[in-house]
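Report on the structure given below.
The values are calculated or read from the model by the stated rules, or taken from the named source; none is laboratory data. All values reported here derive from a predicted model rather than from experimental measurement. Heads up, the Cβs are rebuilt from the backbone with ideal geometry, glycines too, and the neighbour counts pull from every protein chain shown.
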Amino acid sequence: MRLVILGGSGSGKSTQAEKLCRHFDIPKISTGEILREAISVDSPSLREDALQSGLNNHINDLGDLGRYAQPYIAKGELVPDEMMIDLIRMQLTQPDLQSGWLLEGYPRTAFQAEELDFLLEYLGQKLNWAIYLQVPEAIMVNRCLGRSLKDEQSEIVQRRIELFYDRTIPILEYYDRRRRLLTINGDQSPELVHHHILNLLAVH
C-alpha cells in the first residue's frame with residue numbers, strides 16, 4: 001500500500017498517518033520530522049555523537065539540509081520544491097521501501113505531486129491513494145494554537161493555513177483528475193476518522 005495523506009496544520013494528519021502505518025504495517029515518511037531532525041542535527045552534541053557512530057556523511061547531509069530549510073520553516077513558509085523533491089527521491093529509493101509506505105507532509109504543491117508520479121513511474125511503483133482530511137479553517141487554527149509548541153505562534157499558524165489553501169487545493173484537483181483522491185471529514189474523533197478511511201479504502 002502506497003499512500004499520501006493531505007490536510008492543513010491541525011487536521012490530524014500525523015495521528016491518522018500513525019494509525020494507517022500500524023494497520024498496513026508500512027513505514028511512515030514524514031518530511032516534517034526529517035526537516036526537524038535536520039535542523040536539530042547541527043547541534044554540537046549531536047554532531048559529536050554522530051562522529052562517534054560513524055555517521056558523519058549522513059549528518060553532513062542533514063546539517064546542510066537543516067541550515068537551508070530552517071529560515072523557511074521559522075517563517076511558516078514552504079521549503080522550495082527542488083529541495084523537497086530531492087529529499088523524497090533519497091527516501092523512496094531506499095531498498096526497504098519497495099513494499100509500501102505512507103507520505104506525510106509531501107507533496108505540498110501540484111508540481112511536487114507531478115514529480116512524485118514521475119519518480120514512482122521510474123521506480124516501477126504506483127500511488128494507491130491520496131487521502132485528504134477536510135477540516136474547517138477555524139478548527140485547524142484552534143487545534144494548532146492549543147498546542148504548546150514554540151513554532152505554533154498565531155502568525156505562523158495563520159501563514160501555514162493560508163499556504164495550505166493556496167498550494168494544496170491544486171494538489172487535490174491533480175489527484176481528483178487521476179481518480180486517486182479520497183476525501184474524509186476530519187472534524188471527528190480520531191477513531192471515527194480512521195474507521196471512515198479504512199471503509200473507503202476497502203470499498204475502492
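Quick look at the numbers
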{"item": "Tally, over the stretch 128-147, of residues that are surrounded by fewer than 18 Cβ atoms within 10 Å (Cβ to Cβ), within 18 Å of the chain's Cα centre (by Cα) and part of a loop (DSSP other than H, G, I, E, B)", "result": "1"}
{"item": "Top-ranked residue of the stretch 1-17 - restricted to ones that are over 14 Å from Arg108 (Cα atoms) and of a type in the set (Gly, Ala, Ser), ranked as modelled with the lowest pLDDT", "result": "Gly10"}
{"item": "Filtered residue count, the stretch 155-174, keeping only those that are at pLDDT 90 or above and more than 16 Å from the chain's Cα centre (by Cα)", "result": "3"}
{"item": "Any chance Leu163 is in contact with a Leu (Cβ under 9 Å, 6 or more places away or on another chain), closer than 24 Å to Val79 by Cβ, free of Cβ contacts under 8 Å to residues at least 40 places away in the same chain and in a helix (DSSP H, G or I)", "result": "no"}
{"item": "Failed condition for Ile171, given (1) touching a His at 6+ places or on another chain (Cβ under 8 Å); (2) in a helix (DSSP H, G or I); (3) closer than 17 Å to Ser11 by Cβ", "result": "(1)"}
{"item": "Pick from the stretch 34-85, criterion part of a helix (DSSP H, G or I) and β-branched (Val, Ile, Thr), ranking: modelled with the lowest pLDDT", "result": "Ile59"}
{"item": "Any chance Phe111 is at pLDDT 90 or above and assigned to a helix (DSSP H, G or I)", "result": "yes"}
{"item": "Residue in the stretch 175-187 that is more than 26 Å from Glu114 (Cα to Cα) and among the small types (Gly, Ala, Ser) present", "result": "no"}
{"item": "Residue under evaluation Gln188, criteria (1) part of a helix (DSSP H, G or I); (2) among the polar types (S, T, N, Q); (3) closer than 17 Å to Lys13 by Cα, criterion not met", "result": "(1)"}
{"item": "Residue selected from the stretch 142-154 under the condition among the charged types (D, E, K, R) and out of contact with any helix residue (DSSP H, G or I) (no Cβ under 8 Å at 6 or more places or on another chain), by the criterion modelled with the highest pLDDT", "result": "Arg143"}
{"item": "Unmet criterion (only one of (1) among the small types (Gly, Ala, Ser); (2) outside any helix (DSSP H, G or I); (3) surrounded by fewer than 18 Cβ atoms within 10 Å (Cβ to Cβ)) for Ser14", "result": "(2)"}
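A quick yes/no check of all residues on (1) free of Cβ contacts under 8 Å to residues at least 60 places away in the same chain; (2) hydrophobic (A, V, I, L, M, F, W, C); (3) buried (at least 19 other Cβ atoms within 10 Å of the Cβ):
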site	(1), (2), (3)
Leu65	yes, yes, yes
Tyr68	yes, no, no
Tyr72	yes, no, no
Met84	yes, yes, yes
Met90	yes, yes, no
Arg108	no, no, yes
Glu114	no, no, no
Leu120	no, yes, no
Gly124	yes, no, no
